[in-house]
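Everything on this sheet refers to the single structure shown next.
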Amino acid sequence: MNYISIKNNQTILLSDIPESNYEWFYDKNIDLVTGHPERHCVNYFGYKSGNNIKLICCIADDLTHEILISTCLVNKAHDLESFTNKLLCFEKFEREIHENFGINYIDHPWLKPVRYANNRFDKSRVIANYPFYSIDSEELHEVGVGPIHAGIIEPGHFRFICNGEQILHLEIQLGYQHRGIEQLFIKNKKLLQRATLAESIAGDTAVGHSVTFAHVWESLCDFQTTRDIEFSRTLALELERLAIHVGDLSGVCTDIAYQLGSSVFGRLRTPIINFLQEWGGNRLAKGLIRPGRNQFPFTPALGQRLKQVLDIFEPEFNEMVEKLFSLPSALSRFERTGVVSNADALSIGAVGMAARMTNVNRDIRSSHPFSLYHDLNHHPILKRHGDVYSRVQIRREEVEQSISYIRKLISEIEPFIVQDGILKTPKPNSFCLSLVEGWRGEICHCALTDKNGELMLYKIKDPSFHNWLALALSVRNNEISDFPICNKSFNLSYSGHDL
Amino acid sequence: MIDNIKIVFHQGKQFIPNPTTVEVPGVFRGRPVISHEKVNEAELLNLCPTDAITNNPISIDLGKCTFCGECARCFPEKISFSKDYKLSSNERNRLIIMEGDDKQIEVNPDTVRKEIHRIFGKSLKLRQISAGGDNSCEWELGAANNVQFDMSRYGIDFVASPRHADGIVITGPITKNMADAVQICYDATPDPKIIVLVGTDAISGGIFAESTAIDRSFLEKYPVDLYIPGNPAHPLTIINGLLDLTRKH
């Protein structure tokens, strides 16, 4: 058995990960995932080890709640066979390895740049002259959008190839947001700097990413969190999910020109994020989560206040959502628009909502539970059609589910336990992996330490890393005018992808 | 139809009657106030993740501050964050809060370009550019125009094309990969035009200041008309900053 099985948030010695040759590494990992929809790759990355590149592959098994880690040392002068040729879900991971280290894959279908990272291997290639895929035809036309979009959103380039009004192909090129976060994690030595970086990976998922970072760090430092700390994290994650889902319902209404829904859902987000500010001083919950301590203890008075907020929020939300879901003009825009099939979602390794919309049961809250999700006995909400309607339904039902979890949590507030606030230094020569279900889906952070216990590599994977391809597939054969609603119904992160 | 009227009725009046005087609820980390208390300065300076705190005298640069509140948590007798959300100025050095300062940050009317009030005083259309922003300031810029904050009541709006804009609003530290696009967008905006920086990342690079993946040379070429600090900037900070800039003679 040339892999090691670990649990979520477990730290192991790097030397405990068995190393094998590339042939075995290739066969075994493909074998693990092929025909096993319950297993998928949560992270696959390389780092420099002397003159060679060390690859680490992490496959999560949702039924046994394990993560299977294997490793392999390769020489970048040698061409490799690509996993992608057998399993498409590895395509972006291999493109990233190619882009960063110059490893050549002989049978990868398209080694397109991932994000033009600052530390890329070939610096002669720049984002400005990226050659987009094109089809030579007199009947087709291309539409280029971006990097700057019409609204107040992040940059990315979308290149459509259209047959009349119909989209034949969409290519998405990202990387404009690349700030070099993974390198800064190593360069900045203060814990507070790293925690600040974690909440800036994607500002709309400040809680999700900072909880993941806190779990990684605490596991590396062998710190046992108390229940009150995990209580705050669980509550903050559900509040974040609730706020963003409501905001996204507003965005979807905007894109179908339904003014009432747009305004009402837009304003309904405010009491939730204002509550986050009342609790921690920031509307997006920046500064709320810190490793090793309960930064802003959740008091019974805050519990009372949150109950009041929800008591007002719930009927107003229900009234609006019932109206939206009974409007034929809205439903006709949602149904059978932007479909991703179950087979496609599985093959590209979609996660989070983008998986659950098409009956792929992927939810870290139930498959690799963390914080207080053991106690909440979470059951993921699944839909079958994979269209905009499924994604909107998931948002509606997850809002309702989050409210019920929040109500359950605040009915029994964990009392604050005073900590000495001192974290030990991270264990040397170690590897840690942490998975958290953010509102978009699975967030995965991996950390490696060197012989002095210093951070040697910090690898971040936002759920958007998997799911951008789902958006590109969903718009095929749709009218180009339906692109905005498809895009909004996924609401993927640019900064989380570009890092 | 009746359902719609019911919804509108149940929503009631949502708009904030006066966004220049309203108080923010609960805890809010706005403008810091630094006392003359003696503390271990080396320890205080070392706390800050972005080196926003300097000594002789102790001061906090809001253009670098991430508003994490760590300094106030560890040295509550020295630093406290007030709920004052009016943090914007047209002068970079007005964002630096000194020991003992407890007055509002304002735009300096003497150094505002003369045409700004005359041309943009009643109508200001802006083109937003996210250049490495993490989508938090973008969120709050969007929120500034929702039904509650309703910035468009002052004639301030975001537009889709730089050709329709009176200026650009930059969020994020300006990544190398976005540097060209920022320049193209600025060039496409007709004169006279303003540049507004929103958020700590845009003003100083924030936590990304040391990154080799950013390129801030654009900001060396042109004068900045307004700095709006925050991480992210609160919608009230944004609205008040823009009003302060355009309404002053």
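Please report the spacing between the Cα centers of the stretch A:29-71 and the stretch B:67-112 in Å, no decimals.
48 Å
I need the phi-derived Karplus couplings for the stretch B:202-213: 6.51 cos²θ - 1.76 cosθ + 1.60, θ = phi - 60°, integer Hz, Gly and Pro marked x.
Using θ = phi - 60°, the values come out as 6, 5, 10, x, x, 5, 9, 3, 8, 6, 8, 8 Hz.
So, with +1 on the Cβ of K and R and -1 on the Cβ of D and E, and no other charges, what is the size of the charge dipole of the stretch B:12-249 about its Cα centre, to the nearest 20 debye? If you can, show how the numbers build up before the last one.
Working: 26 positive and 31 negative charges, 169 e Å.
With Lys and Arg at +1 and Asp and Glu at -1, about 800 debye.
Mind running the shape call on the stretch B:4-69? Use the C-alpha gyration tensor, a ≥ b ≥ c as the square roots of the eigenvalues: rounded below 1.5 for a/c, prolate if a/b tops b/c, oblate otherwise.
Values: a/c = 4.21, a/b = 3.35, b/c = 1.26.
Prolate shape, in that a/c is at least 1.5 and a/b is the bigger ratio.
Over chain A, what is the relative contact order in percent, taking alpha-carbon pairs closer than 8 angstrom and at least six residues apart? The partial results should precede the final answer.
On the way: 963 pairs, mean separation 93.9, N = 499.
Once normalised by length, the contact order is 19 percent.
What translational D, rounded to a whole number of µm²/s, comes out for the stretch A:365-499 from Stokes-Einstein when the hydrodynamic radius is the Kirkwood one over Cα pairs, at 20 °C and 1.002 mPa s? If you can, show how the numbers build up before the last one.
On the way: Rh = 18.2 Å.
In µm²/s, the coefficient rounds to 118.
Long-range amide H contacts for residue A:66: which residues qualify at under 5 Å (H placed 1.01 Å from N, peptide plane, sequence gap of 5 or more or a different chain)?
Those lying under 5 Å, H to H, from residue A:66 are A:61.
Just counting partner chain Cβ atoms within 10 Å, what average do the residues of peptide A:271-279 show around their Cβ?
Per residue, the number of nearby Cβ atoms from other chains is 3 on average.
For the stretch A:4-114, what relative contact order do you get, as a whole percent, if you take Cα pairs closer than 8 Å and at least 6 residues apart? Don't skip to the answer; put the middle values down first.
On the way: 186 pairs, mean separation 27.7, N = 111.
In percent, rounded to a whole number, it is 25.
Share of antiparallel DSSP beta bridges in chain B, in percent to the nearest 5? Write out the running numbers ahead of the final one.
Numbers: 10 of 26 bridges.
So the antiparallel bridges in chain B amount to around 40 percent.
What whole-number distance in Å separates the alpha-carbon centres of the stretch A:240-306 and the stretch A:387-411?
Computed from Cα coordinates, the inter-centre distance equals 14 Å.
Excluding residues on the same chain fewer than 8 positions from residue B:83, give the lysines whose Cα lies under 27 Å from its Cα.
Within the straight-line limit of under 27 Å, residue B:83 reaches these lysines: A:286, A:307, B:13, B:38, B:64, B:103, B:248.
What average count of beta carbons from other chains do you get within 10 Å of the Cβ of residues in B:137-145? Intermediate results must be reported in sequence, preceding the final value.
Values: counts 3, 8, 10, 5, 1, 7, 8, 1, 2.
That works out to 5 on average.
Quick one: compute a quarter of the convex hull surface over the Cα atoms of the stretch A:4-114 and quote it in nm². Intermediate values should be presented prior to the final figure.
On the way: hull surface 27.3 nm².
Averaging across all directions leaves 6.8 nm² for the Cα convex hull.
Starting at the first residue of the stretch A:286-296, write each ³J(HN,Hα) from the Karplus equation 6.51 cos²θ - 1.76 cosθ + 1.60 with θ = phi - 60°, in whole Hz, x for Gly and Pro.
Result, ordered by residue: 6, x, 7, 10, 9, x, x, 7, 9, 4, 10 Hz.
How would you classify the stretch A:181-498 from its alpha-carbon gyration tensor, with a ≥ b ≥ c the square roots of the eigenvalues: rounded for a/c under 1.5, else prolate if a/b is greater than b/c, otherwise oblate?
Numbers: a/c = 2.12, a/b = 1.38, b/c = 1.54.
Because a/c hits 1.5 or more and a/b fails to exceed b/c, the stretch A:181-498 counts as oblate.
Where a Cα-Cα gap under 12 Å defines reach, which aspartates and glutamates qualify for residue A:112, not counting those fewer than 8 residues away within the same chain?
Straight-line reach from residue A:112, under 12 Å: A:91, A:94, A:96, A:99, A:171.
By the gyration tensor of its Cα atoms, with a ≥ b ≥ c the square roots of the eigenvalues, what is the shape of the protein assembly as shown: rounded for a/c under 1.5, prolate for a/b over b/c, or oblate?
rounded
What does the structure give for A:177-186 when I average, per residue, the other chain Cβ atoms found within 10 Å of the residue Cβ? Can you show the working numbers first?
Numbers: counts 11, 8, 18, 9, 5, 0, 4, 7, 0, 0.
That average works out to 6.
Can you spot the lysines whose alpha carbon is less than 25 Å from residue A:7's alpha carbon? Ignore those fewer than 8 places along the same chain.
Filter leaves A:28, A:54, A:92, A:424, A:427, A:451, A:459, A:461.
Let me know the charge dipole size of the protein assembly as shown about its Cα centre in debye, to the nearest 20, where only the beta-carbon of Lys, Arg (+1) and Asp, Glu (-1) is charged.
Details: 79 positive and 92 negative charges, 239 e Å.
Computed charge dipole of the protein assembly as shown: roughly 1140 debye.
Assign unit charges at the C-beta atoms only (+1 for Lys and Arg, -1 for Asp and Glu), then state the dipole size of the stretch A:181-498 relative to its Cα centre in Debye, rounded to the nearest 20.
On the way: 36 positive and 36 negative charges, 102 e Å.
My answer is approximately 480 debye.
Of B:148, B:55, A:131, which is farthest towards the positive pole of the protein assembly as shown's charge dipole, taken about the Cα centre with +1 and -1 on the beta-carbons of Lys, Arg and Asp, Glu respectively?
B:55
In terms of modelled amide H atoms, which long-range or inter-chain residues lie less than 5 Å from the amide H of residue B:175?
Long-range HN contacts for residue B:175: B:132, B:215.
Once you wrap a convex hull around the alpha carbon atoms of the stretch B:12-249, what is its projected area averaged over all directions, in nm²?
Values: hull surface 53.0 nm².
For the stretch B:12-249, the mean projected area of the Cα convex hull comes to 13.2 nm².
Picking from A:477, B:199, A:163, whose Cα lies most toward the positive end of the charge dipole for the protein assembly as shown (charges on Cβ: Lys, Arg +1; Asp, Glu -1)?
B:199
Distance between the C-alpha centers of the stretch B:188-238 and the stretch B:145-163? Whole Å please.
19 Å
³J(HN,Hα) across the stretch A:155-165 via Karplus (A = 6.51, B = -1.76, C = 1.60, θ = phi - 60°), whole Hz, x for Gly/Pro?
With the stated coefficients, the stretch A:155-165 comes to x, x, 10, 10, 10, 9, 10, 10, 10, x, 8 Hz.
Values quoted throughout were computed directly from the atomic coordinates according to the rules given, and no laboratory measurement underlies them. These figures come from a predicted structure and were not determined experimentally. In this analysis, Cβ positions are derived from the backbone assuming ideal geometry, glycine residues included, and neighbour counts consider all displayed protein chains.
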